[in-house]
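Structure first, then comments.
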Amino acid sequence: MLYDTARKEIVPFAPPEEVLMYVCGITPYDATHLGHASTFLTYDVLIRRLIDLGHRVKCVRNVTDVDDPLFAKARELGIHYLDLAAGEEARFNADMEALNVLPVHSAPRASSAIPDIRKFIQAVLDAGHAYVSGDSVYFDVSSFASFGAVSGFSEAEMKRLAALRGGNVEDPQKRHPLDFVLWQPSSADEPAWETPWGPGRPGWHVECSALALRELGEHVHLHGGGADLIFPHHECERAQSESATGTPFVDHWMHAALISKDGEKMSKSLGNLVFIDALRKEWDPRTIRLGIISNHYRTEWEWSEQLMPYSENRLQMWLSSIEYDDDGTLVDEVRSALDNDLDTPTACENIDAAVKEGRNASAAASLLGIELIQS
């Protein structure tokens, strides 16, 4: 059972033997922070449970290396945007490996998909769901009757969030304020590719549709990301994908809640971030992982300086359990918790109680990606 964002309820998730999953990845212009880690650990725990159930999981996690924040940071540092992206992607991968996140099937870059993106945009144009205006190509939201079905937001709220999250609702080239860019001109110091609509670069949303189509096909079983991607990114992604293919895009939409620090949502713009590589200098990566997953993925939570010491004590208690025996009931308890909307807090509490009773927690902790017995 998993919460579905579009249906706004916890529903059965019963995919076929091979699960096709797409998770929106990073824009690699800075280090991995706690919010990134929380999101990707959520899907890692889910993947581990699906594998435990006998599924094969084909998870694609893109890298947005063609985007405004990356260009701005590269401009500020005076380096090539792809050099910045490569360095930050390597740092992200090191953090994920340290946190014991399973390797994904593929992690394609947006820059690798320009031919796919051009083909995809042409398909949306040919289907009558997009238009060329001035020097850009826009998706026509009025042509897609169910626009807004993922988020459930009112038009006023969608306009507010579009403006807040990088959309130009006042763009005079648009027919409707919520129409969004599929292709746009590049600034003088930005990369540009030739297209039938003029030189330029893709809009933010289009890369994920093109990459999902290329890597997984027209239909995926579960699509995930942070809650800040529900609108506009995932709303727009569904609309353009279904317009291009004529096929339902996603069975199940899943989103991880945001994390706060100092009373504000963690964000690069505010600078109120806790970086994973900084935490790793002081704490066992298992402590970091445990601290993060002790919070439920759908519940917003506030960073506390006490989280790591508390998690370290908890980890040490679990480690003491490897001397004990276990009759298998703890593993079943943890599985049951995970099957109830990925309830990792309850799973952790089950392990706490079992350890206090003298039961071995190794197998159960492994379901959460925490290896108590390391090779």
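The values are calculated or read from the model by the stated rules, or taken from the named source; none is laboratory data. Predicted model only: the values in this text are computed from it and were never measured. Please note: Cβ atoms are built from the backbone with ideal geometry, for glycine as well, and neighbour counts cover all protein chains shown. Keep in mind that these areas ignore ligands, DNA and RNA; they rest on the heavy atoms of the full protein, side chains included. Shrake-Rupley method; radii C 1.70, N 1.55, O 1.52, S 1.80 Å.
Quick notes
- Area projected by the alpha carbon convex hull of segment 1-141, averaged over all directions, nm²: 11.4 nm²
- In the chain, Cα pairs under 8 Å separated by at least six residues give a relative contact order of 20 percent.
- Taking every Cα-Cα distance in the chain and sorting them into 10 Å bins from zero, the calculated P(r) comes out as 5, 23, 32, 24, 11, 4, 1, 0 percent.
- Rolling a 1.4 Å probe over the heavy atoms of the protein chains gives segment 1-127 an accessible area of 40 Å² per residue.
- Share of pairwise Cα separations in segment 205-322, more than 20 Å, in percent: 56 percent
- Crossing angle, helix 34-52 versus the chain [Cα axis fit, 0-90 degrees, rounded to tens]: 70 degrees
- Our summary gives segment 1-70 a relative contact order of 43 percent, counting only alpha carbon pairs under 8 angstrom and 6 or more residues apart.
- Within a straight-line Cα-Cα reach of under 12 Å, Lys265 can be paired with the following aspartates and glutamates, leaving aside sequence neighbours fewer than 8 residues apart in one chain: Asp228, Glu300, Glu302.
- C-alpha long axis of helix 155-164 to longest principal axis of the chain, angle in °: 80 degrees
- Alpha-carbon centroid distance for the pair segment 103-176 / segment 188-224, whole angstrom: 10 Å
- Degrees, to the nearest 10: 344-356 long Cα axis against longest axis of the chain: 10 degrees
- Pairwise alpha-carbon distances in segment 110-185 exceed 22 Å for 27% of all pairs.
- Distance from segment 11-32 to segment 278-310 (C-alpha centre basis), Å: 21 Å
- 3J(HN,Hα) along segment 104-119, derived from phi through the Karplus expression 6.51 cos²θ - 1.76 cosθ + 1.60 where θ = phi - 60°, amounts to 7, 4, 7, 9, x, 8, 4, 5, 7, 10, 4, x, 5, 5, 4, 4 Hz, with x in place of Gly and Pro.
- Treating each Cα of segment 174-235 as an identical point scatterer and summing with the Debye formula, the log10 of I(q)/I(0) at q = 0.13, 0.17, 0.18, 0.26 Å⁻¹ comes to -0.47, -0.77, -0.84, -1.15.
- Entry note, the chain: the mean residue ellipticity at 222 nm calculated from DSSP H runs of n ≥ 4, each adding -39500 (n - 2.57), is -12000 deg cm²/dmol after division by the residues and rounding to the nearest 500.
- The chain, accessible surface, carbon-and-sulfur percent (1.4 angstrom probe): 49 percent
- Of the GluC sites (Glu not before Pro) in segment 215-268, not one is in a loop by DSSP (not H, G, I, E or B) with at most 10 other beta carbons within 10 Å.
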